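The values are calculated or read from the model by the stated rules, or taken from the named source; none is laboratory data. Worth saying up front: this structure is predicted, and the values here are computed from it rather than measured. FYI the Cβ positions are ideal-geometry reconstructions off the backbone, even for glycines, and counts take in every protein chain you see. Protein only, heavy atoms only, side chains kept; ligands, DNA and RNA dropped before computing areas. Shrake-Rupley method; radii C 1.70, N 1.55, O 1.52, S 1.80 Å.
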Amino acid sequence: MEQTRLYFAVGDFGDDPETVTQLLGVQPTRVWRRGQPRPGSSGPPVRHELWALDSSVDPSESFEAHLAELLALLERAPNGVREVAQRFGAVFQCYSHFESPNPGFAIPPELVRRVAALGVGFDFDLYVLYEDEPEDSDS
């Protein structure tokens, strides 16, 4: 099944994630602090701060549905979003898993305009999962 996950991510906010929360006027889905144990893992501690607001849209829904939901939340405090993006850096982080070859999706112009007005960019991680992929490949 093809799936998409999207979240609004803020990094390098310093010692107080509450600063980001106050500027945006919305509670994060999760916060990671530098040096804390890695969530759900015995791996090394977290190296970077993360303030994240996850889309609650079902992963089987379109990228556009995820983005529209997050924009509706963030556009309540557009000046705060722009300040967070300038001070700390912020992106819409997208992870999509596809089962079909040559997958893709489009972002409608209206959503592009809304994102641009907030001064936020995108980071896409796209994965194609092949059921018949050979176990040992030289390519």
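Here is how the numbers come out for the structure above:
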{"quantity": "Net +/- balance of residues flanking residue 36 in space, Cβ distance below 14 Å, scoring K and R +1, D and E -1", "calculated": "+3"}
{"quantity": "Separation of the residue 79 and residue 127 label points, Cα + 7 Å toward Cβ, nm", "calculated": "4.1"}
{"quantity": "Calculated P(r) of the chain - Cα pairs past 21 Å, %", "calculated": "49"}
{"quantity": "By accessible area with a 1.4 Å probe, ligands and nucleic acids excluded, highest first: order of 29, 4", "calculated": "29, 4"}
{"quantity": "Longest site-free stretch - the chain; sites: GluC sites (Glu not before Pro), DSSP loop, at most 15 other Cβ within 10 Å", "calculated": "3-60"}
{"quantity": "Angle in degrees between helix 109-118 and the longest Cα principal axis of the chain, rounded to the nearest 10", "calculated": "40"}
{"quantity": "For the chain, size of Cβ-based charge dipole, Lys and Arg +1, Asp and Glu -1, in debye", "calculated": "1000"}
{"quantity": "Qualifying trypsin sites (Lys or Arg not before Pro) for region 1-93 [loop in DSSP, other Cβ within 10 Å: at most 12]", "calculated": "47, 76"}
